[in-house]
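Structure first, commentary second.
Bear in mind these aren't lab numbers, they're just calculated from the coordinates by the rules spelled out. Predicted model only: the values in this text are computed from it and were never measured. Every residue, glycine among them, receives a Cβ derived from its backbone with ideal geometry; neighbour counts consider all protein chains shown.
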Amino acid sequence: MCHHFFLKMQAESLKEFLQAQSVNLTAFAADGFFPLSEIPILRNNSRQQRELIAAQWGLLPFWWSSSPKQKSCKVFQRKTFNARSETVDIKPTFREAFKTRRCIIPATMFVEGGELFELTDSPLMLFAGLWESWSNDNEQIESCTILTTNANRLIARYHPKQRMPVILPDENGIETWLNPDLQTRQPLEHLFLPLAEDKFTHRSMDRQKKLPYC
């Protein structure tokens, strides 16, 4: 599954690229993002305007509560940083967020099997995601997950379970995914198809040099 990606784009460039009306982000991690990192997400706010915020990578549903066997939410979140697109609308952890709390997670590259994958025709790839807001008397946690799908032939060579992130293809894909009127699987399912292998370039992490920001 997708568990390591980079975002080498400054906040203002990201805001312009994604046509966001507001930005509230912390500094990006130089070595990329891993599960439980604070990562940027694009979502619609209550006024249906696009906003960029930071969220913990690992979905924490609004109904989660601690128990003697699971006192820490982090244990739960380590199992929810990815959601299978095939079952995201029926799994209890994800199904409510799928209906009304969809988001987009921007990246410039992601890692599978020691390879760095980038798009050939865009500086930014847009992962389909879900977000949640959990709170108790002491804290509030904004969290998210990345959807996955069957890998294309290129990425399947590097992933033992032949999976890859769901990547939205264009602005129409963004509009559809963020559309609050779409709350069932059928009008969204076409977005779950894997992006074709000719859309990607890749290189070994061993040859990675310092990655400049756009």
Seminar exercise, completed: Taking a crude spin-label model, label points 7 Å out from Cα along the C-beta direction, the E175 to F34 distance in nm is 4.0 nm
Seminar exercise, completed: Log entry: pair-distance distribution for region 36-92, C-alpha pairs binned every 5 Å from zero, whole % per bin is 4, 15, 19, 21, 22, 13, 4, 2, 0
Seminar exercise, completed: Protection proxy (average C-beta count within 10 Å per residue), highest first, orders 176-184, 65-73 as 176-184, 65-73
For this session: Count the net charge of all other residues whose Cβ sits under 10 Å from the Cβ of L60, scoring Lys and Arg as +1 and Asp and Glu as -1.
Result: -1
Exercise. With charges only on Cβ, +1 for K and R and -1 for D and E, what is the dipole size of region 21-174 about its Cα centre, in debye, rounded to 20?
Worked result: 660 debye
For this session: Just subtract the alpha-carbon distance of K79 and N45 from 0.36 nm times their residue separation and send over the number in nm, one decimal.
Result: 9.6 nm
Problem set entry | region 136-213 shape via C-alpha gyration tensor axes, a/c threshold 1.5 | oblate
Exercise. Peptides 146-153, 104-111, 195-202, 133-140: what's the order by average Cβ count within 10 Å, highest mean first?
Worked result: 104-111, 146-153, 195-202, 133-140
Problem set entry | Fraction in percent of alpha-carbon pairs per bin - 10 Å, region 47-158 | 13, 40, 33, 13, 2
Problem set entry | Equivalent-ellipsoid semi-axes of the chain, from the Cα gyration tensor, Å, largest first | 25, 19, 19
Problem set entry | Backbone N within region 112-126 under 16 Å of label point (7 Å from L182 Cα along the Cβ vector) | 126
